[in-house]
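Novice: Sharing a structure with you now.
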Amino acid sequence: METNILNQELVDAIQVFMTPKFMVTKDSNNEPNVALVMTWTIYDENRLVYGDFMTVKSRENLINGNQKMSILVFTLGLDSWLIRAEFESFHRNDDVYEFMAQTPLFKYNQYTNARAAGIAKAISASQKYSISKLAVLSSFIKAQLAKRGVPIEETYEGNMPKNIYDAFSKMAAVKVLAFIDADGYPVAFPEFGMLPVSSNTIVVKRKEEKRRGLHLHEGQRVAISLVTLEPAAFQLKGVFHEINDSTGYICLDKVYACSLPRPGVRVDIPMLIPE
């Protein structure tokens with residue numbers, strides 16, 4: 001008999017639609033991708049399902065056969081779990097799709113229809129990690145103090161527009177850091193100790209990474225999901241550099257908008273204006 005990987009507290013958190021869930025995938029070059037996908041819920045026992053209607057790169061990564069993925073469940077009370085999973089398949093016009101169509105987002109919204117329902121099987125789930133409001137404040141202050149030790153280099157790509165820079169500078173914004181672990185799974189964790197040093201450089205305090213037994217290494221590709229209270233979502237990608245065991249920084253080379261009206265559009269380079 002198959003053992004339940006997801007405990008009841010985690011199941012309850014996932015089934016609350018308003019609980020943020022971050023979907024972490026990778027492409028064939030081991031480039032991580034992290035996106036806020038609220039539609040994830042339980043299908044049966046150790047299988048989870050989501051309605052795909054606005055993801056671009058996540059869907060592409062899965063279709064291309066990169067089946068290792070993770071889901072970071074991060075409650076409004078700042079509790080979180082990381083579920084490592086294997087993606088199984090997309091479904092259309094069948095029982096799985098109908099199951100997703102009956103969930104609140106799709107059932108009661110005539111303007112929102114899922115392109116497909118995606119099924120993933122949970123392989124493992126972490127323990128619950130809680131972050132206190134005091135810990136958020138402490139991480140924010142420590143990141144502010146760590147800015148002075150971060151080198152800055154001007155680049156053409158990877159520069160945050162002012163609205164994203166300002167959003168990233170706020171303590172209240174949700175910041176999630178993703179990378180590929182030693183087992184080849186794309187994983188993620190929340191880190192409030194991340195702040196912009198310049199338009200293309202992010203300082204990172206490594207408290208949550210170390211607390212969760214994760215390990216970023218020098219030169220590793222990373223992705224950041226930034227979610228604001230507006231609400232608006234952005235993804236930033238770059239390279240992690242280690243300063244010491246408690247501090248690092250990320251040199252950005254790509255910045256994307258992840259919200260309507262143009263999810264998946266790069267915003268770090270000037271858009272071409274037709275002549």
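Novice: What length, rounded to one decimal in nm, is gained on full extension from S124 through to K147, with 0.36 nm per residue of separation minus their alpha-carbon distance? List each step's numbers first, then the result.
Specialist: On the way: separation 23, 0.36 × 23 = 8.28 nm, distance 3.58 nm.
Additional length available on full extension: 4.7 nm.
Novice: Using 16 Å as the cut-off for backbone N distance, which residues of segment 222-260 belong to the label zone defined by a point 7 Å from the Cα of F53 along Cα→Cβ?
Specialist: From segment 222-260, the list is 259-260.
Novice: Shifting gears a bit: Students often get this wrong, so check it: of K128/K162; K68/K162; K121/K147; K121/K162; K128/K205, which have C-alpha atoms separated by over 32 Å?
Specialist: On the way: K128/K162 35 Å; K68/K162 35 Å; K121/K147 40 Å; K121/K162 40 Å; K128/K205 21 Å.
Over 32 Å Cα-Cα: K128/K162; K68/K162; K121/K147; K121/K162.
Novice: Just the Cα atoms of segment 1-133: what Rg and Dmax do they give in Å?
Specialist: 14.3, 44
Novice: Counting residues in segment 212-252 as N, plug N into 2.2 N^0.38 Å and put the Cα Rg over that result.
Specialist: 1.36
Novice: Rounding to the nearest 20 debye, state how big the charge dipole of the chain is about its Cα centre with +1 on each Lys and Arg Cβ and -1 on each Asp and Glu Cβ.
Specialist: Here the chain has a charge dipole of around 700 debye.
Novice: Another one. Which order do the peptides 89-98, 140-149, 115-124 come out in when sorted by mean C-beta neighbours inside 10 angstrom, highest first?
Specialist: Values: 89-98: 13.1, 140-149: 15.4, 115-124: 19.6.
The most tightly packed comes first, giving 115-124, 140-149, 89-98.
Novice: In Å³ and rounded to a whole number, note down the convex hull volume per residue for the Cα atoms of the chain.
Specialist: Hull volume over Cα atoms, normalised by residue count, gives 144 Å³.
Novice: Tell me the Kirkwood hydrodynamic radius of segment 185-244 in angstroms, computed as one over the mean inverse distance between distinct C-alpha pairs.
Specialist: Taking the inverse mean of 1/r over all distinct Cα pairs, segment 185-244 comes out at 12.6 Å.
Novice: In square angstrom, what is the accessible area per residue of segment 100-215 with a 1.4 angstrom probe? Let's see the in-between values first.
Specialist: Details: 5650 Å² over 116 residues.
It amounts to 49 Å² per residue over segment 100-215.
Novice: Enter the mean projected area of the convex hull around the alpha-carbon atoms of segment 146-274, in nm², rounded to one decimal.
Specialist: 8.4
Novice: In addition: Counting pairs of alpha carbon atoms under 8 Å apart in space and at least six apart in sequence, what relative contact order in percent does the chain give?
Specialist: Working: 607 pairs, mean separation 47.2, N = 275.
Rounded, it is 17 percent for the chain.
Novice: Which one, S80, S130, S70, has the greatest fluctuation when you compute a Gaussian network model over the chain with C-alpha springs under 10 angstrom?
Specialist: With Cα springs under 10 Å in the chain, the top fluctuation among S80, S130, S70 is at S130.
The values are calculated or read from the model by the stated rules, or taken from the named source; none is laboratory data. All values reported here derive from a predicted model rather than from experimental measurement. Every residue, glycine among them, receives a Cβ derived from its backbone with ideal geometry; neighbour counts consider all protein chains shown. These accessible areas exclude ligands, DNA and RNA; they are computed on the full protein's heavy atoms, side chains included. Shrake-Rupley method; radii C 1.70, N 1.55, O 1.52, S 1.80 Å.
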